[in-house]
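Just so it is clear, none of the values below were taken in a lab; they were calculated from the coordinates. Bear in mind the structure is a predicted one, so any value in this text is a computation, not a measurement. In this analysis, Cβ positions are derived from the backbone assuming ideal geometry, glycine residues included, and neighbour counts consider all displayed protein chains.
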Amino acid sequence: MNHIVEEESKHLDKQIKEILTDKHALQQQFLLIDQLSSRIDPILASTLELSSEIEETSILADTISGKVRRIDKIRDRVKQAKDHIQDILDIKECADGVQNALFKEDYAAAAHFIERYLKINPELIDADSKMILSKANETLITLLNKNIEVALKSGNQNEMLKYCKMYFPLGKSKLAVIKYGEFLCLSVDTIIDTLKKDLGDSKNKITDEKINYAVALAKLLRDIEILLKDQRPIIDENFGVFGMVAILQAVQLKTEHHCLPLLKQFQVEWKLQQYNNQIRAFEKASSSLSIKRVDNKNELSDLPLLLDQLSSISQAIEAHRRFIVSLTKKYQDNLTKSMEEKKEKKEEMVTIRDINSLYSFGEVDSFCHELLVSYLTVENHFMNQCIQKVLQANTQDSSIVNEVFLILKECCNRSRQSYNVDTICAFINLVDTLLNESLRTYFYNQANLKTVGNLDLCLNGLNNLELVCTYIPQLRQDIEIPCQKSFKTMPVQFQKIVSSLDTLNSTQRRLRTLLQNSLETLFNSVSTKIQQQLESISGYLEYEITQTQFNQNQLNVPIIQQFIQNLDLLFTPHKRLSETNLDLLMHSNARYVIEFFEQVILKKKFSKYGAKQLDKDYMALLGYFSSNSKRSMREKFERLQQISDLLNIDEVTDVVELVKDWEDSGSSQFSSSEILKIVSLRTDIKSKLPVLSKLLNK
């Protein structure tokens, strides 16, 4: 109980001390407040005085501001009055000036007065002046129209520009563009008139120069391009981007108007529809036969000229399209940038749409599409028939492949020169189909020993099939490299061509597989004889020999050398194969011999000198096969080499070092148990195998 009282007493003492301490601090704060109050009173008085002055200044500022606003209104009314007076004076000056200018036939001055008149507030124009100026405006437009007609007929460009520019002050900018567009369209008419005359002279043999409809079309488009290129700076300076687009649209319509008759006359002259019908009828009849026929009804010698002209027509139209794209690219880029900066501008958006419309040639594109369909039909027929003639000649040497790919290259180049990406891709697919079907079947049958039944024919067929595989990448390059240049500014279209060309790579791989299979068939035809040779020597191979026997072997022809000579005689007829094919065949042969030889030697017993003889035999085989192959044979002989190395080591510790080197280089061919089995073939070191086993499994 006393303890609790003591604790409570201590707690109360502590609280009393804290209260006394707080009292002292509060007294100090009250003292400070008393001192500050004497300083705050003067500041408060000054603040109230300043507030009163600010209020008075604000009232004064409002008064002055009102007076300034009244002065501004008065100034605006004075300016309006002056402007009205000036407009009234301008009306009088314009009315008198335009009449005087028209009297003097100074149409530029008259246009200037009309421009001033059109800018004046209509409410200020009195009836008499309005009638005079309106009549003068109509008169001036009539006079300008007459003078422009005269300039059109005479073909005077300077006069055309002079009078067209006078439309702008009159608010007739669109009319100015239309009139100048008409002038350029007349220039196009002049170009076509000259071409028609040249065509007539060529047909009537008045001139030595031969001009056909395809040449005429290309020349028409080139001359129009020259005209537009020359006119571009003039149009830019006088009519601006919107004028340029409108003028191009007019010229484009006129160009289409003149191109269509040329295309139709070309179609009639060549009787394209008749060609198409005959080809379809021939293909239909041919498809019902088991063998391909050669079309003797249609004269193939005429087709290259037709195909060249079809390709050149497409090239001319596509080249003209690219010219228009390059001509308008600057405007397209500038307008796109302007739209990005200004966000919205309906007029510019319409112009971009108009520019895009210039890249389409309407009916000309449709008609050209029909011509290209005919081109693909005729070109495919021509290609197939020419190749069929070559194949039916039944030539056995490589000239048949050269002729086939010469035809393919010629046809591919012609399709490439069309400049039409869809046509190029379609023809690449036709070539790929031809390679995958009739050509693949023909060359595979020629290369298959079971099919031809004659070794010489089979060897020629294999060489031809290998040559086909070699020529396919070259054919791709012949298409891809020129297309990369001609489609330099059109990466999307070029990538489409590349994708089509990738199918040729797949075709080459399939043909390579066929070639490999045919070579395997050829090898299998002699594998029985090779096996007989190997079996005949296996019983005579002896490796548990003394030094004397080893030395004696060096004086005589070793058994392996005899086998190599017999093998070489067996393969002598096959050396007519191409270098690549012979290489493939020799690798198959090497693999077969090595596997058999390895099985034989693993059943033998070896002495120290027998191991040396094995090394010589291994080197002899490697030397023979390497001399008949352009590719290295060492990888195929690696197991045999390691067997020889293991058998030629006298100390088991050397085996461990050898195995470590193989493992470090990643070339080891055998497991530890297999190594022990191989080393155990050495009868003179068989007792050391337990030690070797421990070292290998350490």
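Using θ = phi - 60° and the Karplus form 6.51 cos²θ - 1.76 cosθ + 1.60, what ³J(HN,Hα) does each residue of region 621-630 get, whole Hz, x for Gly and Pro?
Result, ordered by residue: 5, 4, x, 5, 5, 5, 5, 10, 9, 7 Hz.
What are the ³J(HN,Hα) couplings of region 360-366, residue after residue, when phi is run through the Karplus curve with 6.51, -1.76, 1.60 and θ = phi - 60°? Round to Hz, x for glycine and proline.
Each residue of region 360-366 in turn: 10, 10, x, 4, 4, 4, 4 Hz.
Based on the Cβ-Cβ distance from L555 to S398, what FRET efficiency comes out when R0 is 41 Å, to the nearest 0.05? Spell out each step's value before the answer.
Details: r = 46 Å, r/R0 = 1.13.
After rounding, the FRET efficiency stands at 0.30.
Tell me, rounded to the nearest percent, the portion of alpha carbon pairs in region 568-620 spaced more than 18 Å apart. Could the numbers behind the result be given before it?
Details: 653 of 1378 pairs.
Above the 18 Å cut-off, region 568-620 has 47 percent of its Cα pairs.
Skipping prolines and chain starts, which residues have an amide H placed within reach, meaning under 5 Å, of the one on F606, given they are 5 or more residues away or on another chain?
Counting only residues 5 or more places away or on other chains, the set is R682, T683.
With viscosity set to 1.002 mPa s at 20 °C, what whole-number translational diffusion coefficient in µm²/s follows for region 539-696 from Stokes-Einstein and a Kirkwood radius over Cα pairs?
The estimated diffusion coefficient comes to 127 µm²/s.
Past 25 Å, Cα to Cα, is the threshold; run K146/K196; K219/K264; K450/K636; K197/K485; K146/K172; K174/K330 against it and keep the listed order.
K146/K196; K450/K636; K197/K485
Hey, fewest Cβ within 10 Å first, where do E595, E182, E6 land in order? Intermediate values should be presented prior to the final figure.
Details: E595 13, E182 18, E6 10.
Listed from fewest to most nearby Cβ atoms, that is E6, E595, E182.
Most exposed first by the Cβ proxy, i.e. fewest other Cβ within 10 Å, how do L640, L303, L465 rank? Working shown, then result.
Numbers: L640 23, L303 18, L465 28.
If I rank by nearby Cβ atoms, fewest first, I get L303, L640, L465.
Rank the residues K174, K162 as a footprinting-exposure proxy: fewest other Cβ atoms within 10 Å of their Cβ go first. Write out the running numbers ahead of the final one.
Numbers: K174 12, K162 16.
Ascending number of Cβ neighbours within 10 Å: K174, K162.
Spelling out what I want: for every residue of region 503-519, take phi, set θ = phi - 60°, compute 6.51 cos²θ - 1.76 cosθ + 1.60 (Karplus), and round to whole Hz; glycine and proline get x.
With coefficients 6.51, -1.76 and 1.60, one gets 5, 5, 5, 5, 5, 4, 5, 5, 5, 4, 5, 4, 4, 4, 5, 5, 5 Hz.
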